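Engineer: Pasting a structure below so you can have a look.
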Amino acid sequence: MQRTLKQLAEWLGLEFRGEPSLLIEGVSTLEMAGANMVTFLANPKYKDQLPGTRAGAVIISPEVPYERACLISRNPYADFTKVVGLYAPPIPRPAPGIHPLAVVHPEAHLGQDVAIGPFCVVGAKARLGDHTVLTAQVFIGDDTVVGDHCIVYANVVVRERVAIGNRVIIHPGTVIGADGFGFAPVGETYAKIPQIGTVVIEDDVEIGANVTIDRASLGETRLGQGCKIDNLVQIAHNVTIGPLTVIAAQTGISGSSKVGRHVMIGGQAGLSGHLTIGDHAVLGAQAGITRDVPEKQFVSGYPARPHTESMRQLAAVARLPELIKKIQRLEARLQALEEK
Amino acid sequence: MQRTLKQLAEWLGLEFRGEPSLLIEGVSTLEMAGANMVTFLANPKYKDQLPGTRAGAVIISPEVPYERACLISRNPYADFTKVVGLYAPPIPRPAPGIHPLAVVHPEAHLGQDVAIGPFCVVGAKARLGDHTVLTAQVFIGDDTVVGDHCIVYANVVVRERVAIGNRVIIHPGTVIGADGFGFAPVGETYAKIPQIGTVVIEDDVEIGANVTIDRASLGETRLGQGCKIDNLVQIAHNVTIGPLTVIAAQTGISGSSKVGRHVMIGGQAGLSGHLTIGDHAVLGAQAGITRDVPEKQFVSGYPARPHTESMRQLAAVARLPELIKKIQRLEARLQALEEK
Amino acid sequence: MQRTLKQLAEWLGLEFRGEPSLLIEGVSTLEMAGANMVTFLANPKYKDQLPGTRAGAVIISPEVPYERACLISRNPYADFTKVVGLYAPPIPRPAPGIHPLAVVHPEAHLGQDVAIGPFCVVGAKARLGDHTVLTAQVFIGDDTVVGDHCIVYANVVVRERVAIGNRVIIHPGTVIGADGFGFAPVGETYAKIPQIGTVVIEDDVEIGANVTIDRASLGETRLGQGCKIDNLVQIAHNVTIGPLTVIAAQTGISGSSKVGRHVMIGGQAGLSGHLTIGDHAVLGAQAGITRDVPEKQFVSGYPARPHTESMRQLAAVARLPELIKKIQRLEARLQALEEK
């Protein structure tokens, strides 16, 4: 796809400088963009990279001086993101309909324009909403519902009786609805507690690759509207996560914890079970959360404490070897005084 | 399925109070149970929730005063777990036999009532025991043995020459028998060390979703009878794990470590290679285990130490900023004395 | 396969002691090797195990006294690794050609002797090099290139437009080319930033099971020649990793970080985004890397510091409870002096 610089400026509603007929064929970074590509400068601190760029045009804020072709934006990053969407190659998807080598139960219900790729399995009474795509090798269990306009990538497994909303994206290898980890001690051995609950994924959630989201023992595990979950995250049985919460890769949330709305969780964080994390809280990367976190609090470290406290403690620990020497000197001086 | 309160009491062998003909149609939590559901109260500290429940009946211990319909139990949780099993919806499984779109090698050996779902692959000389189920899209390599009454969920991969016992459950996406991570430095590069050993999974083991259990370089990687492994756990080559050990999600165990019997390992713990962890030891969540752990010891922290010591150190660190100020004051006082 | 002790010695170019016609049928450890097996002793500190071995022959260094059958080597481990390769059972692979239950796009291009197992999907304009094997249930997206002599195990997903070099091994369940985790805040919600870049995997890379390697937002995510990646590792969008770097299990590398050449990263380490890790650096297991690491530096702990500093701090923390008591005593002594 090609547009001229002028067409692009009009589409974005931005002023521009430079040759209006310049063909823009794609997007890239300041470093890698070529003569027919557009790039952006969001952070003025990188403006030293401007002279070196070979980009055809730069989306740039009005404060940054730049002589060459540019589109002038109050929010270069947001406008660039729009342009990326414009030039993004289409994501390959199977043709609408059921691939002849997919197995769809005759009692499954498919919406309009559903596309089911090769080697997919769709169980009895499962429902797929309009325009939903299962790319290939996907497993959808009996009675599971997937909403409209969802994309489910290869090798995703969603077991029975799970409910997934609209416009949900699930990346490859993710498992939703496996049994929660529940065992009752019987003497020295363990009896399996049947995990008869389910999982509910609300609208507009995006789930990364090789994530695991377990079904509830009773009731439900729930991800709120608009949550974004990165790769290799573990969400245990009966966890509930509020809307618009963002969880970075390899984090684990133990059973029955309740995470609020618009919480941000860094990578490799771990949460104990039965915790409550308040709305808009921020949990640092690798934090070990062992207690409830009030709303809007930023916690970090192990065990997690308010971040400023955590930083103060780490700074103090860094001074500790020096402190030990100081104490030894104090002791010597004190002894000298005592001996007088 | 429905039973009356009286039938349920008889089936459990418990005394009951309330209308004997009350229909019990399901199980749920105190909070969510409806008028035809049974719930339980295991921990008397939650008894404040009793007045608010709409449950038809509560399984409750004799010490807790409760006027409404109930089943009186010395162990409410264990009895409730039995009832959950009674009301659990059956787990969907493919019809017995081989799905026409599965590929089973003619030299594979299948026991009685084996069920193999669509898009499964079973290799040459593989053996599946009686009543074992491969739900769909499972890979079982050549010469691999799976025992009786096993359930292997979608997208599980078990490579060649692995031995799996009876009544083993393997959740979706798990990989058993991939090559161990073994390389010999050759100058600056690495030569792959062929991983020619195997994996042995004993009876009654349950393995979560997206777990990885590597084959041994020589000999075997082994999980003892009755182990329970949560999601996204990594078990490296030549690790051996004793019977009845429980490992929470995202833990990693490095090569050749030996974990004892009935050990409990918290989530996101990491064990170095070549360690020995004694029977009944407890390793805290996120612990970094760098040394052997004696039997029955509870260790935590990084690097892991006995838990009480670890707690004492963390408490001391929390006091550290205050301590630094105290030392500054001591210094000033000492100086004042010295100047006299 | 069988060889005599003499044949083996000649094949290795080593001197030997013992009966030349002794049949060697396999390899094993000192502990488990039987009378027709060869083993090795690399580390003289384990020489106490020598008298107990039942091995037919031991590969051993000339300094270690040993009366029984042996092959004398300057590098017993390297020579043993060669012998392991000799006796390694062949890894099962599908027959060359396309399995009748695989779906290969007519516009895909396959090299010589390619083997594609059951339930694999190969997309439009994908290219597979000579002798490359997809064992089963593999997904290769449109326009993706896989080089010569690669082995791609079951359930691996490689999405569209990814480039994989020659002699690459990818273990089961790994996902390459899923969307990077990129969202632009729009008020309280998040807009997905299209991830239009790709992933490049250079020659001789080995990637473990259930790994996730995300495609770049723009440009590429790249793994350098000869990298070795263990299981359950997360590599985010736009990360670049230099040649011959080794990454242990469950490590996570955040977006846009640049890891140098021949770096070693321990298990469960976590790296923030936009970092630069110098060549030959070593990052300890469970380290939390929040800053750039200079070349050849060994860092550990959270937040990661030079390892010796980190060790000194941990040692100081261990002394902290005792230190607090010491300060209390100092205080008392000082007060006593002041009161005089």
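Engineer: Net charge within 15 Å of B:Val64 by Cβ-Cβ distance, Lys/Arg positive one each and Asp/Glu negative one each, not counting B:Val64 itself?
Structural biologist: Details: positive: B:Arg17, B:Lys45, B:Lys47, B:Arg68, B:Arg74; negative: B:Glu15, B:Asp48, B:Glu63, B:Glu67, B:Asp79.
For residues surrounding B:Val64, the net value is 0.
Engineer: Counting Lys and Arg as +1 and Asp and Glu as -1, each charge on the Cβ, what is the dipole of chain A about the Cα centre in debye, to the nearest 20? Intermediate values should be presented prior to the final figure.
Structural biologist: On the way: 31 positive and 33 negative charges, 194 e Å.
So the dipole magnitude of chain A works out to roughly 940 debye.
Engineer: Here is a follow-up. Using the count of nearby Cβ atoms within 10 Å as a rough guide to exposure, how do C:Met264, A:Met37 rank from fewest to most?
Structural biologist: Lowest count first: C:Met264, A:Met37.
Engineer: Using the basic label-point model (7 angstrom from Cα toward the beta carbon), what is the B:Thr4 to A:Ala88 distance in nanometres?
Structural biologist: The answer from the label model is 6.1 nm.
Engineer: Sticking with this one: Rounded, prolate or oblate: which fits region C:3-87 when a ≥ b ≥ c are the square roots of the eigenvalues of the alpha-carbon gyration tensor, with rounded for a/c under 1.5 and prolate only if a/b beats b/c?
Structural biologist: Numbers: a/c = 1.36, a/b = 1.23, b/c = 1.11.
Because its axes are fairly even, with a/c under 1.5, region C:3-87 counts as rounded.
Engineer: For region B:270-315, what is the charge dipole size about the Cα centre, in debye to the nearest 20, if Lys and Arg each add +1 at the Cβ and Asp and Glu each add -1 at the Cβ?
Structural biologist: Numbers: 4 positive and 4 negative charges, 31 e Å.
Computed charge dipole of region B:270-315: roughly 160 debye.
Engineer: So which trypsin sites (Lys or Arg not before Pro) in region A:1-108 pass both tests, a DSSP loop state and at most 11 other Cβ atoms within 10 Å of the Cβ?
Structural biologist: On the way: sites: A:Arg3, A:Lys6, A:Arg17, A:Lys45, A:Lys47, A:Arg54, A:Arg68, A:Arg74, A:Lys82; in loops: A:Arg54, A:Arg68, A:Arg74.
Answer by residue number: A:Arg74.
Engineer: Among A:Ala269, A:Ala236, A:Gly111, whose Cα lies farthest out toward the positive end of the dipole of region A:97-309, if unit charges sit on the beta carbon of Lys, Arg (+1) and Asp, Glu (-1)?
Structural biologist: Going by the charge dipole, the pick is A:Ala269.
Engineer: Separate question: When a/c reaches 1.5 or more, the comparison of a/b and b/c decides; with that in mind, is chain A rounded, prolate or oblate per its Cα gyration tensor? Mind dumping the intermediate values first?
Structural biologist: Values: a/c = 2.97, a/b = 1.08, b/c = 2.74.
Oblate, because a/c is 1.5 or more while a/b does not exceed b/c.
Engineer: Turning to a different aspect of this structure: Could you put C:His262, B:His274 in order, starting from the residue whose Cβ has the fewest other Cβ atoms within 10 Å? All intermediate terms of the calculation are to be shown ahead of the outcome.
Structural biologist: Values: C:His262 21, B:His274 12.
Neighbour counts put them in this order, fewest first: B:His274, C:His262.
Engineer: Roughly how many Å is it from the Cα centre of region C:1-49 to that of region B:67-143, as a whole number?
Structural biologist: After rounding, the separation between the Cα centres reads 45 Å.
Engineer: Also, I was wondering about something else. For a test of understanding, tell me how many lysine pairs in chain C have Cα atoms under 19 Å apart, given they are 8 or more places apart or on different chains. Present the calculation step by step, with values, prior to reporting the outcome.
Structural biologist: Numbers: C:Lys6/C:Lys82; C:Lys228/C:Lys258; C:Lys228/C:Lys296; C:Lys258/C:Lys296.
Going through chain C pair by pair, I get 4.
Engineer: I want the local charge near C:Pro90. Using Cβ-Cβ distances under 11 Å, sum +1 for each Lys or Arg and -1 for each Asp or Glu among the other residues.
Structural biologist: That works out to -1.
Engineer: Quick one: Debye curve from the alpha-carbon atoms of the protein assembly as shown only, equal weights, vacuum; give me log10 I(q)/I(0) at q = 0.04, 0.05, 0.06 Å⁻¹ to two decimals.
Structural biologist: -0.22, -0.34, -0.49
Engineer: Now for a different question. Would you mind classifying region B:186-300 by shape? Square roots of the alpha carbon gyration tensor eigenvalues, ordered a ≥ b ≥ c; an a/c under 1.5 is rounded, otherwise it is prolate if a/b is larger than b/c and oblate if not. List each step's numbers first, then the result.
Structural biologist: Numbers: a/c = 1.70, a/b = 1.36, b/c = 1.26.
The shape class here is prolate.
Engineer: Where both residues lie in chain B, what percent of DSSP beta bridges are antiparallel, nearest 5? Please report the intermediate quantities before stating the final value.
Structural biologist: On the way: 11 of 77 bridges.
Expressed as a percentage, antiparallel bridges in chain B total about 15.
Since every read-out is calculated from the coordinates, none of them should be taken as a lab result. Computed from a predicted model, the values in this text were never measured in an experiment. Cβ sites come from the backbone with ideal geometry, for glycine too, and all protein chains shown count toward neighbours.
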